[in-house]
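One structure below.
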Amino acid sequence: MPGSGSIASGRNQGVLAFMTQQVEAADGPLRVQAVAARLADEVERVIIGKRAVIEQVIVAILCEGHVLLEDVPGIGKTMLARSVAAGLGGSFGRVQFTPDLLPSDITGAMVFDPRTAEFTYREGPVLVNVLLADEINRAGPRTQSALLEAMEERQVSVERERIPLPRPFVVLATQNPVELEGTFPLPEAQLDRFMIRTSIGYPDLDEERMMLRRFRTETPLASVRPVTTPEEMRELISIVRGVHIGVAVEDYLLALIRGTRDAEAIEVGASPRAALSLARAAQANAAIHGRMFVIPDDVRDLAVPVLSHRIMPTAQADLRGTTAAELVEGVIAATPVPVETVSAV
């Protein structure tokens with residue numbers, strides 16, 4: 001039959017292309033898992049014994065989300081942010097937030113150049129892949145609003161110019177929840193822009209002893225090596241977005257979100273943005289564990305760091321000393337977990 005050879009050849013090429021796509025799809029989460037493991041290993045050379053917190057930060061980065069590290073002074077918040085940035089490669093900026101910090105100190109400004117008689121844009125520290133916002137709650141509302149635009153819109157506005165930020169763009173912010181003098185509490189709108197709020201906590205005895213011995217003879221932060229590049233991170237982010245969420249897991253996630261709205265001790269429940277953030281975080285968590293599909297554990301493990309800063313306890317709950325994290329844990333405990341088999345199809 002005339003042309004049958006070319007038809008067969010075309011079919012073979014189509015089958016080969018399909019098989020190649022399937023192999024690449026299967027290898028995608030393994031690639032994410034490998035890079036995430038290398039990054040976590042590098043950071044653990046500095047932040048000892050806090051693998052779960054490090055993985056939460058990596059989850060947020062794979063979703064192009066932002067992280068609020070909230071803990072008492074001296075725990076290692078800034079060290080964690082700097083070591084993650086060093087391991088990621090790409091450009092890095094640090095801003096020490098103070099009450100007199102101006103929005104232009106973050107976004108940059110238009111500066112008059114007498115040689116050309118024109119205004120030119122002088123870049124601010126925000127035009128980087130990773131921005132460390134140290135003690136973010138010490139800046140005034142106007143400065144926080146400038147950072148809010150960068151976090152949400154992935155751009156900054158200077159005069160009439162809109163300058164896009166590089167991708168990926170991640171804010172790692174630190175905050176001291178104990179000292180309130182000279183601080184400006186973050187507004188709810190800005191808190192909602194952080195995908196994850198987490199804390200490091202005190203190390204146990206063995207971890208603290210190891211830290212003393214390691215820092216006695218060297219500065220581990222100086223030896224942290226980049227394990228990836230911005231280009232590769234963009235590819236990994238695309239892989240994470242393709243991780244499958246089955247109907248049963250989707251129903252479970254939505255049940256948790258609605259549970260925060262129906263709980264008597266919660267005045268304001270999680271928003272639709274919170275639901276999207278939890279879904280994306282669960283996808284990233286599945287990928288860093290080598291899976292191309294989400295299971296209920298991915299949702300449950302990240303519900304507290306993703307949702308606790310997005311709900312508002314009632315006055316009675318505050319008086320009882322019940323924290324937002326405890327309220328979310330209560331919703332998790334009261335929500336049935338799907339028991340049917342979760343698959344990738």
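I need the full set of residues from region 236-271 which are in a helix (DSSP H, G or I), without any contact (Cβ under 8 Å) to a residue 60 or more places away in the chain and among the β-branched types (Val, Ile, Thr), in order please. Outline the logic, then answer.
Quick first cut of region 236-271, residues in a helix (DSSP H, G or I) only: 236-241, 247-262.
Of the ones still in play, those that are also without any contact (Cβ under 8 Å) to a residue 60 or more places away in the chain are 238, 241, 247, 250, 253-254, 257-258, 261-262.
Answer for region 236-271, where residues must be in a helix (DSSP H, G or I), without any contact (Cβ under 8 Å) to a residue 60 or more places away in the chain and among the β-branched types (Val, Ile, Thr): 247, 257.
Just a yes or no: is a residue in region 151-161 touching a helix residue (DSSP H, G or I) at 6+ places or on another chain (Cβ under 7 Å) and not in a strand (DSSP E or B)?
For region 151-161, residues touching a helix residue (DSSP H, G or I) at 6+ places or on another chain (Cβ under 7 Å) and not in a strand (DSSP E or B): absent.
Would you please name the residue that is surrounded by the fewest Cβ atoms within 10 Å (Cβ to Cβ), looking only at residues in region 102-115 that are in a strand (DSSP E or B) and either touching a residue at least 24 places away in the same chain (Cβ under 8 Å) or of a type in the set (Phe, Trp, Tyr) (or both)?
Let us first name the residues in region 102-115 that are in a strand (DSSP E or B), namely 108-113.
Okay, now just the ones that are also either touching a residue at least 24 places away in the same chain (Cβ under 8 Å) or of a type in the set (Phe, Trp, Tyr) (or both), so 108-110, 112.
Working: 108: 19, 109: 15, 110: 15, 112: 9.
The residue in question is 112.
Hey, among 316, 283, which residue is surrounded by fewer than 23 Cβ atoms within 10 Å (Cβ to Cβ) and in a helix (DSSP H, G or I)? Before you say what the answer is, go through the steps one by one.
Values: 283 fails: surrounded by fewer than 23 Cβ atoms within 10 Å (Cβ to Cβ).
After ruling out the rest, the residue left standing is 316.
Among the candidates 260, 323, which residue alone is crowded, with 22+ Cβ neighbours inside 10 Å, of a type outside the set (Lys, Arg) and more than 30 Å from residue 27 (Cβ to Cβ)? Spell out the reasoning first.
Values: 323 fails: crowded, with 22+ Cβ neighbours inside 10 Å.
Residue meeting the stated conditions: 260.
Filter region 30-77 down to the residues that are β-branched (Val, Ile, Thr), part of a loop (DSSP other than H, G, I, E, B) and surrounded by 22 or more Cβ atoms within 10 Å (Cβ to Cβ) and list them by number.
Step one: of region 30-77, the residues β-branched (Val, Ile, Thr) are 32, 35, 43, 46-48, 53-54, 57-59, 61, 67, 72, 75.
Keeping just the survivors that are part of a loop (DSSP other than H, G, I, E, B) gives 46-48, 72, 75.
Result: 46, 47.
Suppose the filter is surrounded by 19 or more Cβ atoms within 10 Å (Cβ to Cβ) and either within 21 Å of the chain's Cα centre (by Cα) or assigned to a helix (DSSP H, G or I) (or both); does residue 274 pass it? Before the answer, list the steps.
On the way: surrounded by 19 or more Cβ atoms within 10 Å (Cβ to Cβ): yes; either within 21 Å of the chain's Cα centre (by Cα) or assigned to a helix (DSSP H, G or I) (or both): yes.
In short, yes.
Tell me which residues, restricted to region 286-296, are buried (at least 24 other Cβ atoms within 10 Å of the Cβ) and not hydrophobic (A, V, I, L, M, F, W, C).
none
Working only within region 43-91, note down all residues that are farther than 22 Å from residue 217 by Cα, over 16 Å from the mean Cα position of the chain (by Cα) and not small (Gly, Ala, Ser).
Passing the criteria: 71, 72, 73.
Quick one: residue 309 ticks every box in (1) at pLDDT below 95; (2) surrounded by fewer than 20 Cβ atoms within 10 Å (Cβ to Cβ) bar one, so which box is it?
With respect to (1) at pLDDT below 95; (2) surrounded by fewer than 20 Cβ atoms within 10 Å (Cβ to Cβ), residue 309 is out only on (2).
Quick one: would you say residue 214 is closer than 26 Å to residue 88 by Cα, in the same structural domain as residue 71 (by TED's automatic domain parsing), surrounded by 19 or more Cβ atoms within 10 Å (Cβ to Cβ) and of a type in the set (Lys, Arg)?
On the way: closer than 26 Å to residue 88 by Cα: yes; in the same structural domain as residue 71 (by TED's automatic domain parsing): yes; surrounded by 19 or more Cβ atoms within 10 Å (Cβ to Cβ): no; of a type in the set (Lys, Arg): yes.
No; evaluated as a whole, the condition is false for this residue.
On the basis of being within 24 Å of the chain's Cα centre (by Cα) and without any contact (Cβ under 8 Å) to a residue 40 or more places away in the chain, does residue 329 make the cut?
yes
The rows are residues; the columns are (1) farther than 28 Å from residue 200 by Cα; (2) surrounded by 13 or more Cβ atoms within 10 Å (Cβ to Cβ).
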site	(1), (2)
117	yes, no
120	yes, no
124	yes, yes
127	no, yes
133	no, yes
136	no, yes
165	yes, yes
173	no, yes
176	no, yes
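Yes or no: residue 252 buried (at least 16 other Cβ atoms within 10 Å of the Cβ) and closer than 30 Å to residue 326 by Cβ? So that I can check it myself, show each step before the final result.
On the way: buried (at least 16 other Cβ atoms within 10 Å of the Cβ): yes; closer than 30 Å to residue 326 by Cβ: yes.
Yes, satisfied.
The values are calculated or read from the model by the stated rules, or taken from the named source; none is laboratory data. In this text, all values refer to a predicted model and were calculated from it rather than measured experimentally. Please note: Cβ atoms are built from the backbone with ideal geometry, for glycine as well, and neighbour counts cover all protein chains shown.
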